[in-house]
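Working notes for the structure below.
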Amino acid sequence: MTKLNTDFWLGLLLAIFFGSVSYFLIPIGITNPVAHDPGAILPRTYPQIVMICCTLLALSISLKSLYLSLRHTNAAETTACGIFSKACLSALGFGVLLAFYFYIEEIGMIIGGFIIYAFFSILSGERNFIRLIIIDSILMSLLYLFFVSIMNAPIPLGPLNEIL
Amino acid sequence: MIESILSGLALIATWENVLALFSGMLGGVVIGALPGLTGAMGITLALPFTFYMEPITSLMLLLGIYKGSMYGGSITAILIRTPGTAAASCTVIDGYPLVQQGKAGKALRMALYSSCFADAVSNLSLILFTGFIASMALKFGPAEFFGLIVFSLTIVGGLSGSSLLKGLLSASLGLFLATIGMDIVFGTGRMTFGNTNLLAGLSFIPVLIGLFAIPQIIKSTWPKNTVTEFEDHLGDDKISWQEWCRSFKSIVRGSIIGVILGAIPGIGAAPAAYLSYSEAKRYSKHKETFGKGEIEGVAAAEAGNNGVCGATLIPLLALGVPGDVTTAVMLGAFMMHNIIPGPQLFEEHSDLVYALYLGIMLSSFFLYICGAACIKIGAKITKVPSKILFPVILPICIFGAYSINNNPFDILVMIIMGIVGCLMNTFKIPEAPFLIGFILGPLFEDNLRRSMLMSHGNISILWSTPICWFFIALTIFSIYITIKNGKQLSG
């Protein structure tokens, strides 16, 4: 039997996930009222129908992939060179963004934005650190001017709250 | 009538009004281009400043911002795959691949021409057909809306690329995420798990930025031999006569679609853009090139979204009913100056109405000037190396996402949708159907449930009027064509 490709496992995983959402998460997350108008569709009905459709579609993707892999002799999928490094870089990037979100009140958006720009810039290959700092400073200043001074958005400033 | 037109001309033909319109247009383009900022936000910011202006001057300023923001979103959508507005998300599909092929100038120019054309068509519709279109819009009840939304959802087939199943899955996921929030009938929380931030549902702009911009920014950190670099210049920016002829039908069709959907309150520009794109692909002789840098795709998307601009003013002026959030704010501007939109507006303030019409026609010309200037600025953006450009975009996206509701939770939504976007890219699941499902989902469910409530559970309300039957026929035809095209492509 030929090696099953990514779509088969993706479909299966998604079908399990959507099925779980439909049968476990939705009943917990959505409460149906006791009394209601006879014509009223209950809050849980529509999301459950959509999730059941998602489950069926995911299963269809899986079955289609299985059918195609049985029909054709596929060469084993070659992984792109550096796929591990792509996944690591993506995980690192998202990790930094999530850390920014969780510490946003402590460090503030200006300092946080400064760090985020510097981090992603270095990750993207920038090695001219003077240019990095200059662009970062100008960018944060402009963002502060626009969002705080002009738009009066109450952005968390963290330690800069007392200074600005 | 001639006297009213002349009074209107006298009212509009002052340097303050012309300056207000032009500066509003320019500001609107900038606001539309920045991710996280919308035309509605720009108009809301400008509203207090208009208090001391003459009514027509304030309306010109707000109109300029509205129209500018509609076009502005397409600039960043094309150049850096970061749509500034929801409607511009459709332009990304073919706009960004054109940039990767070194044809950024061509894409920007076609977006500009089709925007100006569609805007002019929309303005003419407003001037000539306000009464007729408004009376048609009044005939739309929940059942008719539901039929229209079901038809609009069939455009998912045209946006699914090579895998219809993955497209449908993506759209269904969008429909599901749109259910998070408060139930519209019973007022109970759905999938909020006690988190008050989710009671209002997921904000659209963070979802949009997360789905389109964040994966692109993450990709920019990958080793360079795994990322497709694009030409860092505008390239050949002239549109050939052949390309123009090929796209013209789609531009006209998109403009009409934009006018029709814009005149119906509550629909918005994004569904118009996607419907226009889907119809262009359906009737094109080059279906297989859509999604890979087809200039006709850019033209159709922009025609659809700009065709809405003038038409959204139809329900506002004729009925006093705002068509979307932006026109709702403009209604505030009218009322600030003691002008009540509606049927009596045409009798009591006919000179103002004609001044507005003349200003609207002038706005199409100013849109061309502002757009042409932005193409030159766009040339500078393409020269910025990606290692500087994408990290700059990221803080702008973060600040923009935060400023929607001044809530850090929207940043988390943006990040999570970024992860979803990356996974969708990895497993080749198209994002556009997700966006369609997310935008149309609330309208789909709301109108279905309202119809069921009105009919006390009798489902026959969904096919009870000629308008419903019209949309059912269109839906069946659309599904048939999608299946037929799918068989042709796989055969």
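The values are calculated or read from the model by the stated rules, or taken from the named source; none is laboratory data. Please read all numbers here as calculations on a predicted model, not as lab measurements. Every residue, glycine as well, gets a Cβ built from its backbone with ideal geometry; the counts of neighbours run over all protein chains shown.
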Scan B:LYS383, B:LYS376, B:LYS387 and give me the residue that is buried (at least 20 other Cβ atoms within 10 Å of the Cβ) and either closer than 26 Å to B:PRO35 by Cβ or in contact with a strand residue (DSSP E or B) (Cβ under 9 Å, 6 or more places away or on another chain) (or both).
B:LYS387
Quick check on segment B:124-141. Is at least one of its residues touching a residue at least 12 places away in the same chain (Cβ under 8 Å) and in contact with a Cys (Cβ under 8 Å, 6 or more places away or on another chain)?
no
In segment B:169-221, anything aromatic (Phe, Trp, Tyr) and either under 21 Å from B:VAL325 (Cα atoms) or modelled with pLDDT of 90 or more (or both) is listed as B:PHE176, B:PHE204
Filter segment A:110-141 down to the residues that are over 20 Å from B:SER386 (Cα atoms) and over 20 Å from the mean Cα position of the chain (by Cα) and list them by number.
A:ILE110, A:ILE111, A:SER141
For segment A:143-164, which positions are hydrophobic (A, V, I, L, M, F, W, C), assigned to a helix (DSSP H, G or I) and more than 9 Å from chain B (Cβ to nearest Cβ)?
A:LEU145, A:VAL148, A:LEU160
Can you give me the number of residues within segment B:357-390 that are under 19 Å from B:TYR113 (Cα atoms) and outside any helix (DSSP H, G or I)?
0
Residues that are touching a Leu at 6+ places or on another chain (Cβ under 9 Å), within 11 Å of chain B (Cβ to nearest Cβ) and in a helix (DSSP H, G or I): does segment A:31-40 have at least one?
no
I need the full set of residues from segment B:418-466 which are in a loop (DSSP other than H, G, I, E, B) and crowded, with 19+ Cβ neighbours inside 10 Å, in order please.
B:ILE429, B:PRO430, B:GLU431
Which pairs turn up if I take residues in segment B:193-210 that are touching a residue at least 12 places away in the same chain (Cβ under 8 Å) and look for partners that are part of a loop (DSSP other than H, G, I, E, B) and among the polar types (S, T, N, Q) with beta carbon separation below 8 Å, at least 6 apart in sequence or on another chain?
B:ASN197/B:ASN407; B:LEU198/B:THR192; B:LEU199/B:THR192; B:ILE205/B:THR38; B:ILE209/B:THR82
Scan B:SER403, B:SER386 and give me the residue that is at negative phi, touching a helix residue (DSSP H, G or I) at 6+ places or on another chain (Cβ under 8 Å) and at pLDDT below 90.
B:SER403
Wholly within segment B:238-337, which helices (runs of 4 or more DSSP H) include no fewer than the required count, namely at least 3 residues that are within 24 Å of B:ASN485 (Cα to Cα)?
B:241-263, B:269-283, B:295-311
Residues that are within 14 Å of another protein chain (Cβ to nearest Cβ), in contact (Cβ under 8 Å) with a residue 40 or more places away in the chain and of a type in the set (A, V, I, L, M): does segment B:324-333 have at least one?
no
Out of everything in segment B:389-406 that is in contact (Cβ under 8 Å) with a residue 60 or more places away in the chain and polar (S, T, N, Q), what residue ends up being nearest to the other protein chains (Cβ to nearest Cβ)?
B:SER403
Could you go through segment A:49-72 and let me know if any residue there is more than 9 Å from chain B (Cβ to nearest Cβ), more than 24 Å from B:LEU199 (Cβ to Cβ), outside any helix (DSSP H, G or I) and modelled with pLDDT under 80.
yes
Members of segment B:146-163 found to be surrounded by fewer than 22 Cβ atoms within 10 Å (Cβ to Cβ) and within 19 Å of B:MET424 (Cα to Cα), listed by number
B:GLY161, B:SER162, B:SER163
